[in-house]
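S.K.: The structure is given below, and queries will be raised subsequently.
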Amino acid sequence: MSNYSHPEVLVSTDWVQQNLDNPSVRLVEVDVENSAYDQGHIRGAVAWSWQTQLSDRLRRDIIPRDEFEKLLSQSGITPDTTVVLYGDNNNWFAAWAFWQLKIYGHRDVRLLNGGRKKWLQEGLELTQEVPQYQPTNYKAKEPDFSIRAFLPEVQQALRQHSAALVDVRSPQEFTGEIIAPPGLPETAQRPGHIPGARSIPWSKAANEDGTFKSLEELRQLYASEGIDGSKPVITYCRIGERSSHSWFVLKYLLGYKNVVNYDGSWTEWGSIVGAPIERGAAKPVGELVAHAG
Amino acid sequence: MRAENWERSQTEVAGWPVTVTAYRIGDKYITEIASTDSGACVARGIAESADESRKGAFETASRRLERTRHFDLTIGG
């Protein structure tokens, strides 16, 4: 892990085992909902549900600052706590939580490399005991939306070719053969992708055990689609969680400076009246560059 | 407690490639089915036996995957 651009944001299963009793570290399991946590989790970990605790479902937004402060206070977290996130679904929702913690300015946030899958696969100790921590009075910073893309910024990027769009969904979602991952609800009106987007599925950045691929593998993966850090990058998927995973890779493992996550993603773009959409495979990189120029 | 009897395999459900992960934690057997291409978890079965867990997960996965619509890329609109 040491040759990534920001190796300090990743921890291994060994590191977690050595820090289980470290009072300055708070483990947080982040899942869509908490049933996996209830079956067994890492000792000392608290549970955050993406559906009910990290998302404002009325506004379709990240949780507001006061709710965020309440969540971290209830979890016994202070601004000096090292927050280590892990979860199921290949760390997608843990990566979302990482992104949201950075929006609200938490300094030391890390991901467990490989997430819940790797911990379980290695047969490491689990518990069903829910820890209780002394509540804190956490104060978040003003939200930093420089790492979040809203619809107007994506529309501008499309018009001005000012940023590269990276679609991290599966190839079939990208081409428009399906609207959502197989078996999940269709949450957009039309299938396809944002014109000019590159198709780089999130899964290509991960190994079979859920850990991230090496720096060189990641660099080659994105460079083969023309993404080399020389231009701002906007990642998107269906609801913004898979794209948080790829945002993390591009910003923290590869160290590209200007990378933002468009959490509105396909559920937003694919439902807007009049929004341009492309279907089918992506154009070759050379053809796209010539067109943009 | 820890995850034991960890097994991972590939198969198809309702025509979709899926990855099946099965394991036991304590006295519960868990089967997770994810669509292979997207990586999204489609179903999770938890039961007192491996067979029940697998059956529950596959029933849910079949029901959900059968609903997935294919779009014809040659037709606009």
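The values are calculated or read from the model by the stated rules, or taken from the named source; none is laboratory data. Just so it is clear, the structure is predicted and the values come from calculations on it, not from any experiment. So basically every Cβ, Gly included, is an ideal-geometry build from the backbone, and we count neighbours across all protein chains shown.
S.K.: Would you be able to say whether some residue in region A:268-275 is charged (D, E, K, R), outside the structural domain of residue A:120 (by TED's automatic domain parsing), assigned to a helix (DSSP H, G or I) and at pLDDT below 95?
M.R.: Within region A:268-275, the subset charged (D, E, K, R) is A:268.
Then keep just the ones that are outside the structural domain of residue A:120 (by TED's automatic domain parsing); that gives A:268.
Add one more test, that the residue is assigned to a helix (DSSP H, G or I), and what stays is A:268.
Still in the running and at pLDDT below 95: none.
Taking every residue of region A:268-275 in turn, none turns out to be charged (D, E, K, R), outside the structural domain of residue A:120 (by TED's automatic domain parsing), assigned to a helix (DSSP H, G or I) and at pLDDT below 95.
S.K.: Quick check, is residue A:157 within 25 Å of residue A:223 (Cβ to Cβ), away from chain B (no Cβ under 12 Å) and out of contact with any helix residue (DSSP H, G or I) (no Cβ under 9 Å at 6 or more places or on another chain)?
M.R.: Details: within 25 Å of residue A:223 (Cβ to Cβ): yes; away from chain B (no Cβ under 12 Å): yes; out of contact with any helix residue (DSSP H, G or I) (no Cβ under 9 Å at 6 or more places or on another chain): yes.
So residue A:157 passes the test.
S.K.: Looking at (1) out of contact with any helix residue (DSSP H, G or I) (no Cβ under 6 Å at 6 or more places or on another chain); (2) away from chain A (no Cβ under 11 Å), can you tell me which one residue B:5 breaks?
M.R.: (2)
S.K.: Then there's this: Of all residues in region A:118-149, which are closer than 26 Å to residue A:262 by Cα, out of contact with any strand residue (DSSP E or B) (no Cβ under 7 Å at 6 or more places or on another chain) and surrounded by 12 or more Cβ atoms within 10 Å (Cβ to Cβ)? Talk me through it step by step, then tell me what you get.
M.R.: Looking only at region A:118-149, we keep the residues that are closer than 26 Å to residue A:262 by Cα, and these are A:139-149.
If we keep only those that are out of contact with any strand residue (DSSP E or B) (no Cβ under 7 Å at 6 or more places or on another chain) too, we end up with A:139-146.
Within region A:118-149, A:139, A:140, A:141, A:143, A:145 qualify.
S.K.: In addition: Could you check, for region A:126-137, whether at least one of its residues is farther than 24 Å from residue B:42 by Cβ and of a type in the set (A, V, I, L, M)? If you could, list the steps in order and put the result at the bottom.
M.R.: As a first pass, look at region A:126-137 and keep what is farther than 24 Å from residue B:42 by Cβ: A:127-137.
With the extra rule that they be of a type in the set (A, V, I, L, M), the set shrinks to A:130.
Yes, because at least one residue in region A:126-137 is farther than 24 Å from residue B:42 by Cβ and of a type in the set (A, V, I, L, M).
S.K.: Would region B:31-47 turn up any residue that is over 20 Å from residue A:201 (Cα atoms), more than 10 Å from chain A (Cβ to nearest Cβ) and of a type in the set (Asp, Glu)?
M.R.: The initial filter retains those residues of region B:31-47 that are over 20 Å from residue A:201 (Cα atoms), namely B:31-32, B:43-47.
Then drop every residue that is not more than 10 Å from chain A (Cβ to nearest Cβ), which leaves B:31, B:45, B:47.
Add one more test, that the residue is of a type in the set (Asp, Glu), and what stays is none.
No, every residue in region B:31-47 fails to be over 20 Å from residue A:201 (Cα atoms), more than 10 Å from chain A (Cβ to nearest Cβ) and of a type in the set (Asp, Glu).
S.K.: Could I ask something else about it? Determine which member of the set A:255, A:226, A:196 is on the phi > 0 side of the Ramachandran plot and out of contact with any strand residue (DSSP E or B) (no Cβ under 9 Å at 6 or more places or on another chain). Spell out how you get there, then give the answer.
M.R.: Details: A:226 fails: out of contact with any strand residue (DSSP E or B) (no Cβ under 9 Å at 6 or more places or on another chain); A:196 fails: out of contact with any strand residue (DSSP E or B) (no Cβ under 9 Å at 6 or more places or on another chain).
Selected residue: A:255, the only one of A:255, A:226, A:196 that is on the phi > 0 side of the Ramachandran plot and out of contact with any strand residue (DSSP E or B) (no Cβ under 9 Å at 6 or more places or on another chain).
S.K.: Run down A:251, A:213, A:257 and say which single residue is over 23 Å from residue B:33 (Cβ atoms), loosely packed, with under 15 Cβ neighbours inside 10 Å and not hydrophobic (A, V, I, L, M, F, W, C). Show your work before the answer.
M.R.: On the way: A:251 fails: loosely packed, with under 15 Cβ neighbours inside 10 Å; A:213 fails: loosely packed, with under 15 Cβ neighbours inside 10 Å.
Residue meeting the stated conditions: A:257.
S.K.: Now a separate question. Among the residues of region A:26-33, is there at least one that is touching a Gly at 6+ places or on another chain (Cβ under 8 Å) and more than 19 Å from residue A:128 (Cβ to Cβ)? Walk me through it before giving the result.
M.R.: At the first step, the residues of region A:26-33 found to be touching a Gly at 6+ places or on another chain (Cβ under 8 Å) are A:26-27, A:29-31.
Now narrow it down to the ones that are more than 19 Å from residue A:128 (Cβ to Cβ): none.
No; the residues of region A:26-33 include none that is touching a Gly at 6+ places or on another chain (Cβ under 8 Å) and more than 19 Å from residue A:128 (Cβ to Cβ).
S.K.: From A:244, A:203, grab the single residue that is closer than 24 Å to residue A:118 by Cβ and touching a helix residue (DSSP H, G or I) at 6+ places or on another chain (Cβ under 6 Å).
M.R.: Details: A:203 fails: touching a helix residue (DSSP H, G or I) at 6+ places or on another chain (Cβ under 6 Å).
One residue alone meets the criteria, A:244.
S.K.: Also, I was wondering about something else. Being surrounded by fewer than 14 Cβ atoms within 10 Å (Cβ to Cβ) and touching a helix residue (DSSP H, G or I) at 6+ places or on another chain (Cβ under 8 Å) is the filter here, so list the residues in region B:8-23 that pass it.
M.R.: B:15 - this is the single residue of region B:8-23 that is surrounded by fewer than 14 Cβ atoms within 10 Å (Cβ to Cβ) and touching a helix residue (DSSP H, G or I) at 6+ places or on another chain (Cβ under 8 Å).
S.K.: While we're looking at this one, here's another question. Would you be able to say whether some residue in region A:169-178 is within 12 Å of another protein chain (Cβ to nearest Cβ), closer than 24 Å to residue A:33 by Cα and in contact with a Gly (Cβ under 6 Å, 6 or more places away or on another chain)?
M.R.: The answer is no, given that none of the residues of region A:169-178 is within 12 Å of another protein chain (Cβ to nearest Cβ), closer than 24 Å to residue A:33 by Cα and in contact with a Gly (Cβ under 6 Å, 6 or more places away or on another chain).
S.K.: Quick one: in region A:181-212, of everything that is in contact (Cβ under 8 Å) with a residue 40 or more places away in the chain and of a type in the set (Lys, Arg), which residue is nearest to the other protein chains (Cβ to nearest Cβ)?
M.R.: Checked region A:181-212; the qualifying residue nearest to the other protein chains (Cβ to nearest Cβ) is A:190.
S.K.: Looking at region B:1-52 only, could you name the residues that are of a type in the set (D, E, K, R) and more than 19 Å from residue A:128 (Cβ to Cβ)? Step through it out loud before you land on a result.
M.R.: Quick first cut of region B:1-52, residues of a type in the set (D, E, K, R) only: B:2, B:4, B:7-8, B:12, B:24, B:27-28, B:32, B:37, B:44, B:48, B:51-52.
Listed by number, the residues that qualify are B:7, B:8, B:12, B:37, B:51, B:52.
S.K.: Additional query: Answer with yes or no whether residue B:64 is buried (at least 20 other Cβ atoms within 10 Å of the Cβ), touching a residue at least 12 places away in the same chain (Cβ under 8 Å) and facing another protein chain (nearest Cβ under 10 Å).
M.R.: Details: buried (at least 20 other Cβ atoms within 10 Å of the Cβ): yes; touching a residue at least 12 places away in the same chain (Cβ under 8 Å): yes; facing another protein chain (nearest Cβ under 10 Å): yes.
Yes: the conditions hold for residue B:64.
S.K.: Please find, within region B:24-57, the residue that is modelled with the lowest pLDDT out of those that are surrounded by 20 or more Cβ atoms within 10 Å (Cβ to Cβ), among the polar types (S, T, N, Q) and closer than 19 Å to residue A:184 by Cα.
M.R.: Step by step, filter region B:24-57, then rank; the result is B:38.
S.K.: Being of a type outside the set (D, E, K, R) and either crowded, with 20+ Cβ neighbours inside 10 Å or in contact with a Phe, Trp or Tyr (Cβ under 9 Å, 6 or more places away or on another chain) (or both) is true for just one of A:201, A:171, A:152. Which residue is that? Please lay out each step first, then the result.
M.R.: Details: A:171 fails: either crowded, with 20+ Cβ neighbours inside 10 Å or in contact with a Phe, Trp or Tyr (Cβ under 9 Å, 6 or more places away or on another chain) (or both); A:152 fails: either crowded, with 20+ Cβ neighbours inside 10 Å or in contact with a Phe, Trp or Tyr (Cβ under 9 Å, 6 or more places away or on another chain) (or both).
Of the residues listed, the single one that is of a type outside the set (D, E, K, R) and either crowded, with 20+ Cβ neighbours inside 10 Å or in contact with a Phe, Trp or Tyr (Cβ under 9 Å, 6 or more places away or on another chain) (or both) is A:201.
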